[in-house]
Structure formats: C-alpha cells, structure tokens
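Heads up, the thing below is written out as structure tokens.
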Amino acid sequence: MVEQLKTYPKGVLAIEIIDGFTETDEKILQKLFESKKEQGFDPINILIKLDELKISKSSIKTFFEDIIYTLRNYKLMGHIAIVAHSKILKALVPIDNLFFERASKGREERYFDISKLDDAFEFVTKNAN
C-alpha cells in the first residue's frame, strides 16, 4: 500500500510503502509523479519510506515495471531519499548513487535510517522548486 507522508506545493514527493508493493501501488506512484510533471516541476525530489515494506507481499513484476518507469523519467528526478532500517538498502544506495551521479550532475541519492526521517525531509525539501 502506498501513502503520501506529506504533500508539498513544490517539486517534492514524499511517500511510504506499507506491507506489499502491488500493481495498484505502482499506478498510484505514477499518478503522483505525473501530477508533479504536469505542474512543471523539474527536478522532482523524492522521499521513499520503506521500513514497513514486506518483500514477500510484493509483486516482482511490479518492481520491474517501476524500474522501467524510473528509467524513462530519470532526467526529471532530483534528490532521492531512501528511508528504511535495512543493512541491504544501506549498502545498495551508494552503489546506485554512483550511476545516479554520472547520469545527473548535482543530484544525489541518500540512505537515511528511520530514526533520521526529519533529516531525509530536509534533504529533499531544501533545494526544491
């Protein structure tokens, strides 16, 4: 299930994925992102809170569809904050960031422990349009 954590009148999307990640959730995320695009925001900073995500209740097909959508819209994405409590994600974000930095100068992806949620919000809002 996808929920918006906060709504912003600028180019920031803050969402939380709870339990599983389904095709319906992917459509909701796309709709939220498309709304920001239609409003003319470029870049769009994104905060994704994943501490309550259960992989076992998620669709692999949906994850791949999300990756394809992300790659198609990558140039519009600004800073990305991944908020979780996961050693695996903490290790993967720096690897992902190597690609992200090369593809988009001045943009950054960071991992934040759930205890640093306020810092993550500051990271995605401080330079937002």
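The values are calculated or read from the model by the stated rules, or taken from the named source; none is laboratory data. From a predicted model like this one, the values you see are computed outputs, not experimental measurements. FYI the Cβ positions are ideal-geometry reconstructions off the backbone, even for glycines, and counts take in every protein chain you see.
Quick notes on this one:
- Here ILE68, ILE88 are screened, and the one residue that is closer than 19 Å to LEU32 by Cα, among the β-branched types (Val, Ile, Thr) and free of Cβ contacts under 8 Å to residues at least 60 places away in the same chain is ILE68.
- Looking across the range 1-23, just one residue is assigned to a strand (DSSP E or B) and more than 15 Å from the chain's Cα centre (by Cα), and that is ASP19.
- Of the residues making up the range 25-50, those that are within 9 Å of VAL2 (Cα to Cα), surrounded by fewer than 20 Cβ atoms within 10 Å (Cβ to Cβ) and at pLDDT below 90 number 1.
- Filter result for LYS61 (loosely packed, with under 15 Cβ neighbours inside 10 Å, modelled with pLDDT under 85 and closer than 21 Å to ARG110 by Cα): no
- Pairs where the first residue, in the range 41-61, is within 16 Å of ILE88 (Cα to Cα) and the second is among the aromatic types (Phe, Trp, Tyr) and part of a loop (DSSP other than H, G, I, E, B), C-beta under 8 Å, 6+ apart: LEU53/PHE21
- Scan of the range 71-129 for residues that are modelled with pLDDT under 90, of a type in the set (Lys, Arg), under 23 Å from GLN4 (Cβ atoms) and surrounded by 14 or more Cβ atoms within 10 Å (Cβ to Cβ), ordered by number: ARG107
- Close pairs (9 angstrom Cβ cut-off, 6 or more residues apart or separate chains): on the phi < 0 side of the Ramachandran plot in the range 2-17, of a type in the set (Gly, Ala, Ser) and assigned to a strand (DSSP E or B) anywhere: GLN4/ALA14; LEU5/ALA14; LYS6/ALA14; THR7/ALA14; TYR8/ALA14; GLY11/GLY78; VAL12/GLY78; ALA14/ALA81
- Within the range 97-105, not a single residue is within 20 Å of ALA14 (Cα to Cα), in contact (Cβ under 8 Å) with a residue 60 or more places away in the chain and aromatic (Phe, Trp, Tyr).
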